[in-house]
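The values are calculated or read from the model by the stated rules, or taken from the named source; none is laboratory data. Every value quoted in this text rests on a predicted model; they were computed, and no experiment measured them. In this analysis, Cβ positions are derived from the backbone assuming ideal geometry, glycine residues included, and neighbour counts consider all displayed protein chains.
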Amino acid sequence: MEVRLFRRDETKLLQQSIDDLWAKNHVLSRDERLLQHMFYDNPVSQRVFGDTHYGFLGAWQDGKPIGLFGLMAFDVNMKGAKSFGFAPTNWIVPPEYRHTGAGLLLMREMFKWSPSLVLNLGINPTVASLYGKMGGYQVLPDVPRWIGLVNKDKTAELLLNGDRRVLRYYEQIQPIRVQTPYRVVEEFDAEKWDAFYWSTFAKKSIGFSRDASFLTWRYLQHPTFHYRLFTCQDEQGDYKGLLVFRIESILQGQAKIGRIVESMINDQDSAICLANKVVELGNAHDLLFIDFYCFSSISSWGLESVGFKRVLKSDSDKLVVPTRFQPIDLEITYMMAAMYINRELRKKISLIEDQYWYVTKGDADQDRPN
């Protein structure tokens with residue numbers, strides 16, 4: 001059996017393999033631009049895998065792909081120190097080929113690059129049980145999600161079959177009056193951002209790097225989604241925080257929701273100013289609600305101040321609002337994850353310091369077209 005990366009001249013084969021092995025009519029089998037953006041254009045991917053390969057491993061038997069392992073490569077930030085890691089997007093070997101050991105070979109091939117961090121977002125319970133048995137991995141059954149209602153009545157009517165009881169303890173988000181010289185501008189300057197990020201936010205966070213290179217590739221150059229980047233600035237124009245936001249149309253265009261994918265702050269003023277901008281965007285675009293997936297309790301402080309609530313996972317209260325809309329899924333409203341941390345990194349960090357971990361849907365393929 002051969003295990004190797006797909007070459008750039010094997011694009012059609014890769015797309016056909018995604019369709020055959022991963023999911024029929026998967027967006028990556030249809031959209032070559034998105035495939036290239038996610039698995040080639042990222043400068044870290046090219047540094048790790050070279051400029052002639054996709055960040056996509058395949059397992060071949062008798063010249064035929066029988067397994068896939070998509071790898072998005074990122075710089076890792078550990079309180080200001082750099083290393084690198086992966087965000088796998090799939091780990092697929094069909095049942096009829098699992099006796100070949102292809103899955104294990106794909107995993108071993110990934111570890112040959114010696115990543116310090118591997119983050120798997122959006123896994124299902126079956127895959128989670130496999131990761132739970134592997135050394136160095138921790139399974140996270142519920143990635144924290146915050147919900148901010150913009151229009152409570154319409155949310156209940158359109159998404160919850162009119163059942164307002166589901167939202168009985170949620171109120172609509174409201175801005176907070178502030179007296180501060182800070183201001184929020186829809187602007188992004190790479191040099192100014194890196195100056196803020198590496199001197200401030202990076203030193204108090206752990207996760208994939210959110211430097212200007214990442215933000216430019218992940219959001220500003222995205223081939224399909226329109227992301228809006230807002231920066232919070234002080235009187236001198238220096239950056240104090242950043243918000244990345246997009247609007248998603250649902251129900252065949254009948255309604256819209258908001259997705260926050262980044263919220264990085266420096267202090268209370270920046271947190272509240274950016275949270276107020278979220279409220280403003282929600283009202284201006286007549287959104288139903290806005291959500292934010294993030295490990296960091298610090299990054300959500302401003303959002304909680306304007307009325308966002310962290311979703312409480314409970315068997316007796318399974319539903320708040322859906323997270324999947326094509327079609328609407330009222331059953332699965334949470335996201336599971338698994339994380340591998342190498343021994344060297346584990347010696348330097350404390351896993352109970354949750355406020356340090358900055359992980360959002362921007363870390364993998366969870367915020368992408370369907």
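Results, tabulated for the structure shown:
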read-out	value
Count of segment 178-194 residues which are assigned to a loop (DSSP other than H, G, I, E, B) and out of contact with any strand residue (DSSP E or B) (no Cβ under 9 Å at 6 or more places or on another chain)	4
Members of segment 22-47 that are closer than 17 Å to residue 110 by Cβ and more than 21 Å from the chain's Cα centre (by Cα)	47
Residue match in segment 150-158 (condition: surrounded by fewer than 15 Cβ atoms within 10 Å (Cβ to Cβ), within 21 Å of residue 275 (Cα to Cα) and hydrophobic (A, V, I, L, M, F, W, C))	no
Criterion violated by residue 91 - all others in (1) among the hydrophobic types (A, V, I, L, M, F, W, C); (2) at pLDDT below 95; (3) surrounded by fewer than 17 Cβ atoms within 10 Å (Cβ to Cβ) satisfied	(3)
Total residues in segment 248-292, condition charged (D, E, K, R), in contact (Cβ under 8 Å) with a residue 40 or more places away in the chain and part of a strand (DSSP E or B)	4
Residues of segment 162-172 classified as in contact (Cβ under 8 Å) with a residue 40 or more places away in the chain and either of a type outside the set (Val, Ile, Thr) or in a loop (DSSP other than H, G, I, E, B) (or both), total	5
Residues located in segment 98-119, provided they are within 16 Å of residue 65 (Cβ to Cβ) and of a type in the set (Ser, Thr, Tyr)	100
Unique residue being touching a Phe, Trp or Tyr at 6+ places or on another chain (Cβ under 8 Å), surrounded by fewer than 19 Cβ atoms within 10 Å (Cβ to Cβ) and in the same structural domain as residue 198 (by TED's automatic domain parsing) when the list is 280, 304	304
Number of the condition not met by residue 139 [criteria: (1) surrounded by 14 or more Cβ atoms within 10 Å (Cβ to Cβ); (2) assigned by TED's automatic domain parsing to the domain that holds residue 298; (3) under 25 Å from residue 73 (Cβ atoms); (4) in contact (Cβ under 8 Å) with a residue 24 or more places away in the chain]	(2)
Any hit, segment 154-161, residues being in a helix (DSSP H, G or I), at pLDDT 95 or above, small (Gly, Ala, Ser) and not assigned by TED's automatic domain parsing to the domain that holds residue 75	no
Which listed residue is among the aromatic types (Phe, Trp, Tyr), at pLDDT 95 or above, part of a strand (DSSP E or B) and within 17 Å of the chain's Cα centre (by Cα), from 214, 245, 225	245
Only listed residue being outside any strand (DSSP E or B) and in contact with an Asp or Glu (Cβ under 8 Å, 6 or more places away or on another chain), chosen from 115, 175	175
Filtered residues of segment 211-228 (kept if in contact with a helix residue (DSSP H, G or I) (Cβ under 8 Å, 6 or more places away or on another chain) and without any contact (Cβ under 8 Å) to a residue 40 or more places away in the chain)	212, 216, 227
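The rows are residues; the columns are (1) surrounded by 13 or more Cβ atoms within 10 Å (Cβ to Cβ); (2) hydroxyl-bearing (Ser, Thr, Tyr); (3) over 27 Å from residue 362 (Cβ atoms); (4) not assigned by TED's automatic domain parsing to the domain that holds residue 327.
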{"site": "163", "(1), (2), (3), (4)": "no, no, yes, no"}
{"site": "169", "(1), (2), (3), (4)": "no, yes, yes, no"}
{"site": "176", "(1), (2), (3), (4)": "yes, no, no, no"}
{"site": "192", "(1), (2), (3), (4)": "yes, no, no, no"}
{"site": "200", "(1), (2), (3), (4)": "yes, yes, no, no"}
